[in-house]
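Asker: A single structure is presented below for examination.
What follows draws every value from the coordinates through simple rules; no lab data is involved. The structure displayed is predicted, hence computed values, not measured ones. All Cβ positions, even for glycine, are placed from backbone atoms using ideal geometry, and neighbour counts span all protein chains on display.
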Amino acid sequence: MAEAERDNPGLIMPPPLFPLIALAIAVVLDWLVAVPIFPPPGVGELFFWIGIVLILAGVAVAAQAVTNFRAAGTNVEPYKPSTQLVTTGIYRYTRNPIYLGFLAVYTGLCLAFALEWGVLLLPFLWLALDRLVVAREEDYLSGKFGEAYARYLTHTRRWF
């Protein structure tokens, strides 16, 4: 199907695969090459609890975003057409709460399970989501919703 006929952002893979692949790489790298950046046991327990809080916060943010999409009657899945521009709820504060949720859960898992390589891969995961997912979605939404989306861009941050 030609790009002009496609009614979705044309992502290279489903967005949840990005953090899952990064986690898999982190686990393998942690197993192969130790990078001792976390504090010793005892102090590390604090990182565990910070990780748990990040996981819970990430799930809550993403769940709120999904609730906002469903309330607006539009598709959450990026391979389906967007039928409504969602600018209320959590979308008043960030244009990408689901991906922020992904990053929070990913970071939380890395901290809770002391995946040093996961922490080191975090900037690459963010960059992949920003360039390979968010940029494509923003191009798609600009074309689909025009001036309404342009106005939304002026007063709502991309990330946080």
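Asker: Starting from the coordinates of the alpha-carbon atoms of the range 60-160, obtain the Kirkwood hydrodynamic radius over all distinct pairs and give the value in Å to one decimal.
Answerer: Hydrodynamic radius (Kirkwood, Cα pairs) of the range 60-160 is 14.5 Å.
Asker: Return a whole-number percent for the relative contact order of the range 26-160, with Cα pairs under 8 Å and 6 or more residues apart as the contact set.
Answerer: Relative contact order, the range 26-160: 34 percent.
Asker: Going by how many other Cβ atoms sit within 10 Å of their own, how do Arg136, Arg151, Arg157 line up, fewest first?
Answerer: With the sparsest Cβ surroundings first, the list reads Arg157, Arg151, Arg136.
Asker: Please name which of Leu23, Leu132, Gly89 has its Cα lying farthest along the dipole of the chain towards the positive end, using unit charges on Cβ (Lys, Arg +1; Asp, Glu -1) and the Cα centre as origin.
Answerer: Gly89
Asker: Across the range 92-108, in residue order, what do the Karplus-derived ³J(HN,Hα) couplings come to in whole Hz, using 6.51 cos²θ - 1.76 cosθ + 1.60 with θ = phi - 60° and x for Gly and Pro?
Answerer: 6, 9, 8, 7, 9, x, 5, 6, 4, x, 4, 5, 5, 5, 4, 4, x
Asker: Based solely on its DSSP helices, what 222 nm [θ] is calculated for the chain when runs of n ≥ 4 H residues each add -39,500 (n - 2.57) and the sum is averaged over all residues, nearest 500 deg cm²/dmol?
Answerer: Only helices count here, giving -20500 deg cm²/dmol.
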